[in-house]
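Each remark here refers to the structure printed beneath this line.
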Amino acid sequence: MGRVTTIARRTFLIGSVAVAGGVAFGAYMYKRPGENPLMADLEEGEAVITPYVKIDAEGVTLITPRTDLGQGAYSVQAALIAEELDIELDQVRVDPGMPSPAYYNTALSEEGAPFRSTDESFMAESVRGVMDVLMKFLGMQVTGGSTSVPDGYEKLRTAGAVARETLKAAASQKSGVPVGQLKTAKGAVQLPDGSQLTYVELAPVAATIRPVTNVTLRDPSEWRLLGKPMRRHDIVAKSTGTLPYGVDFKVDGMVHATVKLNPRQGGAMNGFDASAAENMRGVKKIVPITGGVGVVADNTWRAIQAANAIEFDWGPAPYPPEMDGHWEALGNSFNDEQIEARNRDDGDVETALAGADVIEAEYRAPYLAHAPLEPISAIVKVEDDRVDVWTGTQIPRFVQGNVAKLTGVAFDDVYVHVLYVGGSFGHRLEDEVVKQAVEIAREMKGTPVKLTYSREEDMIHDFPRQIAMARGRGVVKDGKVDTYDLGIAMPSVIASQMGRQGLSLPGPDTQIIAGAWEQPFAIPNYRMTGYRAPELAPISSWRSVGASSNGFFHDCFLDELIVAAGADPLEERIRLMWHDNSRKVLEAVGEMSGWGSDLGPKRGRGVAFCMSFGVATAEVVEVTDTDDGIKIDKVFVAAEVGRVVDPVNFDNLVKGGVIWGLGHAMNCEITYSDGIAEQDNFHAFEGMRLYQCPEIEVRGLENGSKIRGIGEPPVPPAAPALANAIFAATGKRIREMPFNKHIDFV
Amino acid sequence: MKLTVNGQDHEVDVEEDMPLLWVLRDELGITGPKYGCGIAQCGACTVHVDGVAVRSCQLPVGAVEYEVTTIEGLGTPDALHAVQAAWVEHQVAQCGYCQSGQIMAAASFLETNDDPTDADIDVAMSANLCRCGTYPRIREAVKTAAKNLRSA
Ligand code: FES
Ligand code: FES
């Protein structure tokens, strides 16, 4: 146990180990040796680490454990290592690696602990520490919560630095030149006489010496790669159609399959008649699986055609069949017994409300599909003593465990090969597709089965974003916001999600009020209450999770109060803000947008602020009320991320997040009728199209002490900024997403 | 039946009504064209037939009379087409899944209009969905590609 305590106290330890033909650098493992997939050939008791850098005869490989979902995670992680290692990005190979418990994600747990990201007191830090340990033991190699950059920021740079210094020591030993006279650049140690020893040449020596772990990370002012525009390593492949995504991947001897599942999510299959499908061309096998059937054919299209020809007898949905039932369940949840969390209760809200002129409003946010453009897929090959899985996933360790359970094959004999994905937005935190592929493939032992969902199956069985409702009450006094009381009701996303993994949630689900309770406003009477609604349709994390609905609720109701107070929306938010770095974000969008200048007739601008995932983000949206509907003209975004590690990617991700937030707010929802999602393809779930896309100006602020990820934080302020702008232009206050239920868009 | 793709002749034994997309992907192993919706809503499957952008998920292979070009035939990593070069320069892709279709749509459009206005670009490129929201960079890249094509 001594070891574990040490590691729990320190964040991580970087060391080295010999591997066939070379050396690997990475984080020490604290679990049993056999679990590290790249170290399988080592003897018990030998140094065991989870590698981030591997150098052997084939060259230098950087191993980047966080899945790349399109957010550029592989490139950023590789750059973090390469910065300290003194190697160019075109000199390395990037490999997502095999799942391993030492790739635990330390930043994710921070969001679950009940302290505001602005609260860096000793207490908050220490509770985060406890959560961190918990995450380690869960072995959660999870990509999510905008954590790839914060998680790797120190770990990966340290791995690069340890590798560099150890290679220098090896070069010194080999050449006799003292370490102090050696330099490193471009993947080699440079000797004073102008000659060089490449890392590849040095690897065998480096493997035999004690790693140099006493390293100091370079100051950002010395960075070569980080903080500067860099070319993503996959950009050429992604521009030439040569990058194989999960859905493109091929394995020798592979057959193609699809599934047809009860469209009432989680409902039973009572029976089916496949007589029409059985004889269709190319059909090889029809396999009943949990909640539906799998159809195996020699071609994906034939499998889908055959699946559509099967007649089913489906059981009822395990949730209310119509939307009224869902909204009613939420509406009934605002009571003391269902309080999940009240992390904020400043001043005396009840007294302030009593007898005052109370402003009240109710807000709603619908279910939403993730609908990444690539439909989900997985290839599985089951053999007696080994299973291989090829898929794009954010949770490779869970996949490994679930496959072991389903097949009876030992955990260590399940190999998960993580592939590129065409978007996720949280969809790939689920692994039903893998389980279904296993159910089919174990009936065809030795044959790799590729399961591809049709778009319709993908959208209907997408575990959607939570449905949510909020009720606000407030009082304004002397032109200022005086009292703000917000209750939010939703089912627990995290409980639904963890439930599918057989885990229960240890403690309250803070996502129910995430994006609302931790907003750094100093309102005299300020209360945020989360109510846990009963489980309804199964739900899952959707880009920015709780904040995706709550950012809208919190900011729009604040806007209503500010308008009622007769104050300026931006100035009053700034006045109320107690947190300096958040205030700077508001000031930045004010300056960028020329807040206060005259926009002309039929135009309006709205501002919104949301702190989520530790990132203070403010957005200003400008709209025109045209004869054909609302046109979104411009968006200004400022976000405080501590440090912008990759500026091009930062800009791209922020713009993408804004478009995501605006597009879904405009026109997307999943609704159930007869228990079945009514939207099954992009004609009914459109999002934003290019012609609707506003000009977007982005600024990253670097005043904070912590490095933060940017994948999710631009999403929550987008919808409220748009709603507030529509109010400014038209006088119409929209309190329900999607907004096109209430107003037309161009 | 016979099919010419990227200058190469193929003999395929499939149903006439199988969409070209699936013949390319599953029969010929050409996976640059992507499956996104199957109902002409997203454009991920865009290829050129006789130089014109079409939705290969909607085109029965039996109806294909002319040569097919996919993203793989437009240009290669070593010899990028002007549109692909612009896409690389602007680092358009996020997940990249829609980009084969975006690039094929842009290449065909710029053949007919090499000096497009912003409004022209909006019209030409709005049938292609990007869930990652790369639209601002697509606009920039189309303009750069147009400029480079004009001066070529
Ligand atoms: S797959 Fe053809 S348009 Fe979407
Ligand atoms: S880049 Fe991901 S869908 Fe367009």
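Looking across region A:665-681, just one residue is assigned to a loop (DSSP other than H, G, I, E, B), within 14 Å of chain B (Cβ to nearest Cβ) and within 22 Å of the chain's Cα centre (by Cα), and that is A:668. Inside region B:122-141, residues that are more than 7 Å from every other protein chain (Cβ to nearest Cβ) and closer than 14 Å to residue A:653 by Cα make up a count of 1. Listed here are the helices (runs of 4 or more DSSP H) enclosed by region B:24-121 that have at least 3 residues being at the interface with chain A (Cβ under 9 Å from one of its Cβ atoms) and within 16 Å of ligand 2 (Cβ to nearest atom): B:82-89, B:99-112.
Against the numbered list (1) within 14 Å of another protein chain (Cβ to nearest Cβ); (2) under 30 Å from residue A:411 (Cα atoms), residue A:306 comes up short only at (2).
What is the residue count in region B:10-23 for residues that are more than 7 Å from chain A (Cβ to nearest Cβ) and not in a loop (DSSP other than H, G, I, E, B)?
Number of matching residues: 5.
Under the condition of being small (Gly, Ala, Ser) and within 14 Å of chain B (Cβ to nearest Cβ), which residue from region A:383-439 is farthest from residue A:251 (Cα to Cα)? Top of the filtered list is A:426. Pick out the one residue from A:358, A:382 that is in contact with a strand residue (DSSP E or B) (Cβ under 8 Å, 6 or more places away or on another chain) and either of a type in the set (Ser, Thr, Tyr) or over 19 Å from residue A:514 (Cα atoms) (or both). None of the others qualify; the one that does is A:358.
Among residues of region A:355-376 that are within 14 Å of chain B (Cβ to nearest Cβ) and in contact (Cβ under 8 Å) with a residue 40 or more places away in the chain, those with a beta-carbon under 6 Å from a residue that is of a type in the set (Lys, Arg) and away from ligand 1 (no atom under 16 Å from the Cβ) at least six positions away or on a different chain give the pairs A:368/A:465. On the given criteria, is residue A:687 away from chain B (no Cβ under 12 Å), under 21 Å from residue A:612 (Cβ atoms) and surrounded by fewer than 23 Cβ atoms within 10 Å (Cβ to Cβ)? No; evaluated as a whole, the condition is false for this residue. The residues on offer are B:4, B:69, B:46, B:76, and the sole one that is of a type in the set (Val, Ile, Thr) and free of Cβ contacts under 8 Å to residues at least 40 places away in the same chain is B:76. Those strands (runs of 3 or more DSSP E) of region A:352-464 in which at least 1 residues are within 25 Å of residue A:295 (Cα to Cα), considering only elements entirely within it, cover A:377-383, A:386-391, A:414-418, A:449-452. In region A:353-363, is there at least one residue being within 16 Å of ligand 1 (Cβ to nearest atom) and on the phi < 0 side of the Ramachandran plot? No, region A:353-363 contains no residue that is within 16 Å of ligand 1 (Cβ to nearest atom) and on the phi < 0 side of the Ramachandran plot. Residues considered: A:607, A:615, A:585. Of these, the only one that is crowded, with 20+ Cβ neighbours inside 10 Å and either more than 20 Å from residue A:695 (Cα to Cα) or within 14 Å of chain B (Cβ to nearest Cβ) (or both) is A:615.
Picking from residues in region B:123-152 that are under 26 Å from residue A:375 (Cα atoms) and in a helix (DSSP H, G or I), the one that is farthest from ligand 2 (Cβ to nearest atom) is B:124. Of the residues making up region A:341-356, not one is more than 39 Å from the chain's Cα centre (by Cα) and among the acidic types (Asp, Glu). Among the conditions (1) more than 16 Å from ligand 1 (Cβ to nearest atom); (2) at pLDDT 95 or above; (3) not aromatic (Phe, Trp, Tyr), the only one that residue B:96 does not satisfy is (1).
On the given criteria, is residue B:126 under 23 Å from residue A:301 (Cβ atoms) and either assigned by TED's automatic domain parsing to the domain that holds residue B:8 or within 16 Å of ligand 1 (Cβ to nearest atom) (or both)? Spelling it out, it is not the case that residue B:126 is under 23 Å from residue A:301 (Cβ atoms) and either assigned by TED's automatic domain parsing to the domain that holds residue B:8 or within 16 Å of ligand 1 (Cβ to nearest atom) (or both). Can you find a residue in region A:223-242 that is more than 12 Å from every other protein chain (Cβ to nearest Cβ) and β-branched (Val, Ile, Thr)? No, region A:223-242 has no match at all.
The set of residues in region B:40-91 that are hydroxyl-bearing (Ser, Thr, Tyr) and within 14 Å of ligand 1 (Cβ to nearest atom) comprises B:46, B:56, B:70.
Here is a yes/no grid of residues against (1) surrounded by fewer than 24 Cβ atoms within 10 Å (Cβ to Cβ); (2) part of a strand (DSSP E or B); (3) at pLDDT 65 or above; (4) not aliphatic (A, V, I, L, M):
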{"position": "A:42", "(1), (2), (3), (4)": "yes, no, no, no"}
{"position": "A:46", "(1), (2), (3), (4)": "yes, no, no, yes"}
{"position": "A:51", "(1), (2), (3), (4)": "no, yes, yes, yes"}
{"position": "A:54", "(1), (2), (3), (4)": "no, yes, yes, yes"}
{"position": "A:77", "(1), (2), (3), (4)": "no, no, yes, yes"}
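For region A:695-721, the set of residues classified as farther than 14 Å from residue A:609 by Cβ, over 21 Å from the mean Cα position of the chain (by Cα) and of a type in the set (A, V, I, L, M, F, W, C) consists of A:696 only. State whether the residues of region B:72-94 include one that is in contact with a strand residue (DSSP E or B) (Cβ under 9 Å, 6 or more places away or on another chain) and surrounded by fewer than 21 Cβ atoms within 10 Å (Cβ to Cβ). Checked against the condition, which is being in contact with a strand residue (DSSP E or B) (Cβ under 9 Å, 6 or more places away or on another chain) and surrounded by fewer than 21 Cβ atoms within 10 Å (Cβ to Cβ), region B:72-94 yields at least one hit.
The values are calculated or read from the model by the stated rules, or taken from the named source; none is laboratory data. The structure displayed is predicted, hence computed values, not measured ones. Methodologically, a virtual Cβ is constructed for each residue, glycine included, from the backbone with ideal geometry; neighbour enumeration extends over all protein chains shown.
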